[in-house]
Amino acid sequence: MANSPIIKVENLVKQYGNFTAVNDISFEVFEGEIFGLLGPNGAGKTTTLEIIETLRDKTSGQVTVDGFSVDREASKIKQRIGVQLQAAGYYPNLNLTELLVLFSGLYGVKIDPLEMLDKVSLRDKQKAKFKELSGGQKQRFSIATTLINNPRIIFLDEPTTGLDPQARRNLWELIQNIRSTGTTIVITTHYMDEAEILCDRVAFVDGGRIIGIDTPDHFIDELVASGFERPKQMKQANLEDVFIAKTGKELRAG
Ligand code: ATP
């Protein structure tokens, strides 16, 4: 399992008119790892992800997923990956159980919706509508929908943006649990603390280019070895730790 690439991206380019959003990037994602695409807004992370997911056309380059080419074998790839739906896909009149049954029908697989909801700790919301969920619950539900077809790889595009610290930590735990079942996870984020905790390897993307790929540990060690020092000695905890300590980190309804 270790070090065998499940995604290969070679010299990928995406142009929107004259604008180059993805500028000749190459990387591999290994089976079973949590791989992070990190970078500021507009860096090209979503575009890259959507090309790998076969949802967007590329301008040039090669992309293979589990050995299949995005050009010729998109349907094979779709069977093997899990992608978060946009919120617009959650029909407003259906509750969570009904939505899962609907989506499993679209995938042509049979699932137990309550078992799926258990995976993301949402059994008690089985009769709720999507719009009635909190931000963290919405994200957890949308992660459940990525698991319906028992995919080999799931793609999570900024899954924790806008969430409070507890909801973020709950989601990290969920993502780690999913990985422990052998699923490969590709995640985009601009939260560096999140990447440091979650990701086995990260690629920094900026202006459509990859400017470095390594493990978080190596990146940090390399910077320290170069003589970098933080301006102020860090304390043993930060304000977020205080927040979590005072408010607890159990799953919340709100
Ligand atoms: P964010 O974190 O804001 O989602 P991102 O790294 O995911 O950023 P992308 O969404 O991939 O970035 O966008 C990369 C660049 O391509 C941006 O400058 C964006 O404006 C541009 N872009 C994205 N989609 C289109 C499109 N359909 N037509 C034209 N330009 C686009």
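Can you name the condition, by its number, that P231 falls short on among (1) exposed (fewer than 15 other Cβ atoms within 10 Å of the Cβ); (2) modelled with pLDDT of 90 or more?
(2)
Taking the conditions exactly as written (at pLDDT below 95, away from the ligand (no atom under 12 Å from the Cβ) and assigned to a loop (DSSP other than H, G, I, E, B)), does N41 satisfy them or not?
Against the criterion (at pLDDT below 95, away from the ligand (no atom under 12 Å from the Cβ) and assigned to a loop (DSSP other than H, G, I, E, B)), N41 does not qualify.
Of everything in segment 23-38, what is part of a strand (DSSP E or B) and more than 9 Å from the ligand (Cβ to nearest atom)? Give them in sequence order.
Answer for segment 23-38, where residues must be part of a strand (DSSP E or B) and more than 9 Å from the ligand (Cβ to nearest atom): N23, D24, I25, S26, F27, E28, V29, F30, I34, F35, G36, L38.
Output the number of residues of segment 1-22 satisfying the condition of being buried (at least 17 other Cβ atoms within 10 Å of the Cβ) and within 16 Å of the ligand (Cβ to nearest atom).
Residues flagged as buried (at least 17 other Cβ atoms within 10 Å of the Cβ) and within 16 Å of the ligand (Cβ to nearest atom) within segment 1-22 amount to 5.
Residues in segment 176-198 that are within 20 Å of E50 (Cα to Cα) and more than 16 Å from the ligand (Cβ to nearest atom): how many?
3
Quick grid of which residues meet (1) among the aliphatic types (A, V, I, L, M); (2) over 24 Å from S180 (Cβ atoms):
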position: R72; (1), (2): no, yes
position: E115; (1), (2): no, no
position: V120; (1), (2): yes, no
position: Q126; (1), (2): no, yes
position: I148; (1), (2): yes, no
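Would you confirm whether or not segment 155-168 contains a residue that is under 23 Å from N3 (Cβ atoms) and either in contact with a Phe, Trp or Tyr (Cβ under 7 Å, 6 or more places away or on another chain) or hydroxyl-bearing (S, T, Y) (or both)?
Checked against the condition, which is being under 23 Å from N3 (Cβ atoms) and either in contact with a Phe, Trp or Tyr (Cβ under 7 Å, 6 or more places away or on another chain) or hydroxyl-bearing (S, T, Y) (or both), segment 155-168 yields no hits at all.
Hand me the list of helices (runs of 4 or more DSSP H) wholly inside segment 60-140 holding 1 or more residues that are out of contact with any Asp or Glu (no Cβ under 6 Å at 6 or more places or on another chain) and of a type in the set (D, E).
96-107, 113-119
Among the residues of segment 68-91, how many are surrounded by fewer than 19 Cβ atoms within 10 Å (Cβ to Cβ), among the aliphatic types (A, V, I, L, M) and modelled with pLDDT under 95?
Result for segment 68-91: 3.
So L94 ticks every box in (1) more than 16 Å from the ligand (Cβ to nearest atom); (2) under 29 Å from A195 (Cα atoms); (3) more than 17 Å from the chain's Cα centre (by Cα); (4) surrounded by 13 or more Cβ atoms within 10 Å (Cβ to Cβ) but one. Which box is left unticked?
Evaluating L94 over (1) more than 16 Å from the ligand (Cβ to nearest atom); (2) under 29 Å from A195 (Cα atoms); (3) more than 17 Å from the chain's Cα centre (by Cα); (4) surrounded by 13 or more Cβ atoms within 10 Å (Cβ to Cβ) leaves (2) as the failure.
Kindly provide the set of residues from segment 1-23 that are of a type in the set (G, A, S) and in contact with a strand residue (DSSP E or B) (Cβ under 8 Å, 6 or more places away or on another chain), ordered by number.
A2, S4, A21
The values are calculated or read from the model by the stated rules, or taken from the named source; none is laboratory data. Small disclaimer: the values here were computed from a predicted structure and weren't measured. Positions of Cβ are generated from backbone atoms using ideal geometry, with glycine treated the same way; all protein chains shown enter the neighbour counts.
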